[in-house]
1. Quickly run through the stretch B:347-369 and pick out the residues that are of a type outside the set (A, V, I, L, M, F, W, C), touching a strand residue (DSSP E or B) at 6+ places or on another chain (Cβ under 7 Å) and closer than 18 Å to B:F133 by Cβ.
2. Quick one: what pairs do we get from the stretch B:216-237, first residue within 14 Å of B:A118 (Cβ to Cβ), second of a type in the set (D, E, K, R), C-beta under 6 Å, 6+ apart or different chains?
3. Would you mind telling me which numbered condition in (1) within 30 Å of A:A198 (Cβ to Cβ); (2) without any contact (Cβ under 8 Å) to a residue 60 or more places away in the chain; (3) more than 9 Å from chain A (Cβ to nearest Cβ); (4) not hydroxyl-bearing (S, T, Y) B:V90 fails?
4. Check every one of the strands (runs of 3 or more DSSP E) wholly within the stretch A:37-109 and list those with 1 or more residues that are touching a strand residue (DSSP E or B) at 6+ places or on another chain (Cβ under 7 Å) and over 14 Å from B:C106 (Cβ atoms).
5. Being within 26 Å of A:D102 (Cα to Cα) and surrounded by 16 or more Cβ atoms within 10 Å (Cβ to Cβ) is the filter; apply it to the stretch B:61-76 and report the residue that is farthest from the chain's Cα centre (by Cα).
6. Can you name the condition, by its number, that B:L43 falls short on among (1) surrounded by 15 or more Cβ atoms within 10 Å (Cβ to Cβ); (2) within 16 Å of B:L99 (Cβ to Cβ)?
7. Criterion first (surrounded by 24 or more Cβ atoms within 10 Å (Cβ to Cβ) and not assigned by TED's automatic domain parsing to the domain that holds B:P28) does B:F161 satisfy it?
There are 2 protein chains.
Amino acid sequence: MKPERLFWVWTLAGLACLPAADSSVPAPSNVRGGEYPRIHSDLRVTFRVNAPAAQSVQVLPAGSDSGMGKGPFEMTKGAEGVWTVTTSPVRPGFHYYSLVIDGFPCNDPASETFFGWAKQTSGLEVPDPGLDFYDAKNVPHGDVRMHWYRSKVTGALRRAFVYTPPGYDAKPKLRYPVLYLQHGSGESERGWTAQGRANFILDNLIAAGKAKPLIVVMDHGYAMRAGETPKEGARGNEAFGEMVVNDLVPAIDAAYRTLPRRNQRAIAGLSMGAGQALAIALAHPGKFAHAGAFSGAGRGLDAKAAGAAKFSLLWIGCGTEDRLHAGSKAIHEALDQAGVKHVWFEGPGSHEWQVWRKHLAAFAPLLFR
Amino acid sequence: MKPERLFWVWTLAGLACLPAADSSVPAPSNVRGGEYPRIHSDLRVTFRVNAPAAQSVQVLPAGSDSGMGKGPFEMTKGAEGVWTVTTSPVRPGFHYYSLVIDGFPCNDPASETFFGWAKQTSGLEVPDPGLDFYDAKNVPHGDVRMHWYRSKVTGALRRAFVYTPPGYDAKPKLRYPVLYLQHGSGESERGWTAQGRANFILDNLIAAGKAKPLIVVMDHGYAMRAGETPKEGARGNEAFGEMVVNDLVPAIDAAYRTLPRRNQRAIAGLSMGAGQALAIALAHPGKFAHAGAFSGAGRGLDAKAAGAAKFSLLWIGCGTEDRLHAGSKAIHEALDQAGVKHVWFEGPGSHEWQVWRKHLAAFAPLLFR
């Protein structure tokens with residue numbers, strides 16, 4: 001077998017060994033039986049769609065972090081109205097994209113959808129030949145639970161995703177620390193597992209003894225007070241912090257075997273969720289001893305307040321190609337100057353899920369020590 | 001307030017009281033902030049989409065069970081490229097649909113997606129003014145867990161959705177009966193909760209004392225033996241029964257506090273899943289004492305074998321407007337003629353989720369008695 005035909009492949013459900021007719025394989029983010037998009041061994045990607053009546057069809061990556069360029073990429077119409085394009089090599093990781101049919105961005109029917117950009121969006125998972133830390137390996141797997149609870153702040157039922165570690169059910173007297181982990185703008189409580197593979201990252205860390213078994217609560221980062229509607233231009237997340245502290249934490253402590261105290265409780269998030277995590281932790285330093293900001297610490301972190309909060313762990317990370325990198329690094333430097341103990345983590349990558357997977361994998365082992 | 005302005009509204013997360021500027025409200029199946037489709041008090045639906053460059057835009061219901069007709073329905077282009085159409089009254093319940101942009105069926109960006117028709121598809125939830133049995137009421141809610149397990153039959157990791165009833169975590173010594181519950185063709189393990197609202201149906205039945213607390217396992221109804229690929233024209237579910245009996249049931253009995261015996265184990269499903277449930281129960285009468293077929297019992301049920309299996313409960317249901325109704329009814333009559341005790345359930349409705357919600361609500365109270 002030639003080197004270019006060796007390829008790691010996993011599906012959304014886990015590792016799978018797929019024989020490739022040529023050196024390309026269906027993206028693991030495709031639906032069952034979805035042959036396209038296909039990923040070549042050099043990480044070029046071929047998209048294909050059947051749209052005989054369309055005048056123009058394009059592939060449009062969301063954002064500019066996929067490595068293939070900004071796009072849109074014109075697809076070429078072939079026999080029987082099948083359109084194709086092969087891109088330049090793509091950055092490994094997860095990328096949102098759309099197919100643009102006569103100017104209308106829509107989903108690729110061959111792809112799973114992932115909630116991002118405030119809608120269900122096609123996603124392209126590109127395996128990284130050098131990384132397996134987020135693969136579904138042959139280790140014990142925790143469950144990811146959809147948990148419904150009533151919020152007094154919003155006056156509505158809400159849904160959180162809750163990771164319970166392997167062994168949680170088998171040892172009904174053991175209690176666990178909790179990490180509250182937030183998604184980014186336009187995403188949802190589904191993001192950290194579907195796009196981020198947080199459960200597999202933690203399964204692997206726990207199996208290797210690198211992270212303490214923990215509960216991870218992933219909620220929907222939007223919340224308005226009961227009866228209020230978002231103001232023009234507002235995000236609609238204005239009551240989120242209040243909701244977390246008054247409703248979510250008590251609901252989780254009531255429903256799960258948590259260690260319900262400050263030094264066993266962490267909060268972190270990515271992008272918008274990073275800002276939310278830091279703001280909540282700083283407003284309630286008696287509730288959270290550990291805080292993490294993945295690619296979004298830039299705005300409004302007061303180094304003095306961060307010092308006064310006496311966090312056991314204050315973790316700030318950003319990809320070096322992220323437009324938020326300079327702001328994040330400035331925060332790190334301000335913390336240094338103020339003598340506030342913290343961890344600063346930088347590495348290659350932009351504003352993208354592959355970076356946040358790495359952030360979680362670097363952050364989780366430092367928690368609850 | 002005029003009668004036509006009174007309207008039940010719930011979101012995917014639960015009941016919500018939305019003030020309506022006119023008598024229409026956003027469909028509860030819309031994404032956060034999605035204003036369209038909007039449902040009028042007479043159950044007409046207005047669809048709206050921004051597609052300035054498109055030459056034609058249509059709404060296409062999937063199947064013919066929505067009550068609004070077969071379609072496609074032409075949308076009219078208005079100012080700034082916004083297309084709209086208002087349909088005739090729609091049948092309450094859940095309906096898949098697409099927007100057709102210049103001949104290409106794609107998702108409505110304002111709608112959540114639901115896995116059906118072998119892809120992620122837009123869905124329209126139309127509240128039924130007369131029914132609340134599948135609403136998220138103010139009762140204790142069970143969790144729905146994503147559970148990963150390894151299948152020897154398929155050689156891969158699989159994901160099941162598992163409903164654990166309210167109180168499951170609080171009472172760690174209690175054990176529960178199990179219902180294995182299958183989706184239809186082209187759907188997935190997500191269908192019974194996302195489209196079917198099975199968890200809320202069971203929460204309500206359990207809270208009212210009408211159903212025994214139970215675990216419900218919803219798996220993905222497709223499975224091929226390791227190394228095999230689907231034959232031309234085959235469904236790709238050929239190893240499902242073998243997988244259920246050899247891998248899934250043992251995995252569930254190991255991971256959850258089940259009552260691991262015949263009289264505490266049921267299997268049911270809808271459409272393709274109905275056929276699967278009956279076939280598995282009949283092939284393994286020592287494993288399952290209860291079997292249910294929702295709108296799909298037509299093919300291949302041998303009344304004599306069904307009698308020999310001595311089920312505690314054999315339940316057959318079908319909507320009277322379903323093209324499978326005659327076949328299901330014939331099975332019922334054959335069972336009667338053969339003197340095989342069973343429950344026959346028919347009522348208005350076609351081959352659609354609203355019927356299957358009713359089937360589950362009628363079936364679950366009869367289980368494990």
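1. B:G347, B:P348, B:G349, B:E352, B:Q354, B:K358, B:H359
2. That search, which allows pairs on different chains as well, returns B:H220/B:E189.
3. All conditions are met except number (1).
4. Counting at least 1 such residues, we get A:45-50, A:57-61, A:82-86, A:93-101.
5. Among residues in the stretch B:61-76 that are within 26 Å of A:D102 (Cα to Cα) and surrounded by 16 or more Cβ atoms within 10 Å (Cβ to Cβ), the one farthest from the chain's Cα centre (by Cα) is B:M75.
6. Every condition holds for B:L43 apart from (2).
7. So B:F161 passes the test.
Condition check ((1) among the aliphatic types (A, V, I, L, M); (2) modelled with pLDDT under 95) across all residues:
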| position | (1), (2) |
| --- | --- |
| A:P177 | no, no |
| A:Q182 | no, no |
| A:R190 | no, no |
| A:G196 | no, no |
| A:D203 | no, no |
| A:P213 | no, no |
| A:V216 | yes, no |
| A:A223 | yes, no |
| A:T229 | no, yes |
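The values are calculated or read from the model by the stated rules, or taken from the named source; none is laboratory data. Worth saying up front: this structure is predicted, and the values here are computed from it rather than measured. A quick note on method: Cβ atoms are made from the backbone with ideal geometry, for glycine too, and the neighbour counts reach across all protein chains shown.
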